[in-house]
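J.: Handing you this structure, nothing more for now.
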Amino acid sequence: MRVWLIGLMFLALPAWAQVSAEKPWSRATPPGAKVGAGFMQLKNAGAADRVVGASSPVAGRVEMHITVREGDVMKMREVKGYDIPAGGSFELKPGGAHLMLMDLKRPLKKGEKVPLTLRLEKGGELKLELLVEDLGARAPATAHKTH
Ligand SMILES: [Cu+2]
């Protein structure tokens, strides 16, 4: 009887998205730099969800960017969100989609962990830490000075 009741409880649960972030990382920034970046692999074990915002205590604000080709030039563009399909994934990587940490309050140092919160449309808040790697680690092909 008890087993049966638990089974019913599971059926009654809404199909919440279950998004997790794998290997979130960032790059060290030179002194005086005002922007940093955030990369990770977002995995979704549940229903489709969408990243609708991000924030970090080290940045004035965090924007969601994608990289688009315009002729021969790669440019970054701010977007309103990242869709993560049901049972799928979304990759943030150099040269592609990335989080942009704007108005950095201090330089990011190699080896430290930077707290970051993602806001999901359905899944609530996802708190994670970006591990800061080398200044030149897998540098994106895009010029960030296009901002
Ligand atoms: Cu950017």
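J.: Residues of segment 91-110 with backbone nitrogen within less than 19 Å of a virtual label 7 Å along the Cα-to-Cβ line of Ala137, please, listed as ranges.
T.: 91-102, 104-110
J.: Among Arg119, Arg69, which comes first, second and so on when ranked by fewest other beta-carbon atoms within 10 Å? Walk me through the numbers before you get to the answer.
T.: On the way: Arg119 16, Arg69 9.
Lowest count first: Arg69, Arg119.
J.: Where does the charge balance sit around Pro115 when Lys and Arg score +1, Asp and Glu -1, over other residues with C-beta under 11 Å from its C-beta? Display every interim value, and only then the final one.
T.: On the way: positive: Lys113, Lys127; negative: Glu112, Glu129.
Here the count lands on 0.
J.: Sorting Glu129, Glu78 on the 10 Å Cβ count, fewest up front, what's the list? Intermediate values should be presented prior to the final figure.
T.: On the way: Glu129 15, Glu78 11.
Least crowded to most crowded, the residues run Glu78, Glu129.
J.: Then there's this: So for segment 23-144, averaging the separation of alpha carbon pairs under 8 Å that are six or more residues apart and normalising by length, what relative contact order in percent results?
T.: Values: 313 pairs, mean separation 44.8, N = 122.
Relative CO of segment 23-144 lands at 37 percent.
J.: How would you classify segment 25-147 from its alpha-carbon gyration tensor, with a ≥ b ≥ c the square roots of the eigenvalues: rounded for a/c under 1.5, else prolate if a/b is greater than b/c, otherwise oblate?
T.: Details: a/c = 1.78, a/b = 1.24, b/c = 1.43.
Verdict is oblate for segment 25-147.
J.: Evaluate E = 1/(1 + (r/R0)^6) for Val73 and Ser20, where r is the Cβ-Cβ distance and R0 equals 35 Å; express this FRET efficiency to the nearest 0.05. Display every interim value, and only then the final one.
T.: Numbers: r = 34 Å, r/R0 = 0.98.
For R0 = 35 Å, the calculated efficiency reads 0.55.
J.: Does segment 63-105 come out rounded, prolate or oblate by the C-alpha gyration tensor, with a ≥ b ≥ c the root eigenvalues, rounded set by a/c under 1.5 and, if not, prolate when a/b is larger than b/c and oblate if not?
T.: Working: a/c = 2.19, a/b = 1.19, b/c = 1.84.
Taking the square roots of the gyration eigenvalues as a ≥ b ≥ c, segment 63-105 is oblate.
J.: Residues of segment 56-96 with amide nitrogen under 20 Å from the 7 Å Cα-to-Cβ point of Glu129?
T.: Counting only backbone N, you get 56-59.
Where a number appears in this text, it was derived from the coordinates with a stated rule and is not lab data. Quick caveat, the model's predicted, so the values are computed rather than measured. Here Cβ is always computed from backbone atoms with ideal geometry, including for glycine, and neighbour counts include all displayed protein chains.
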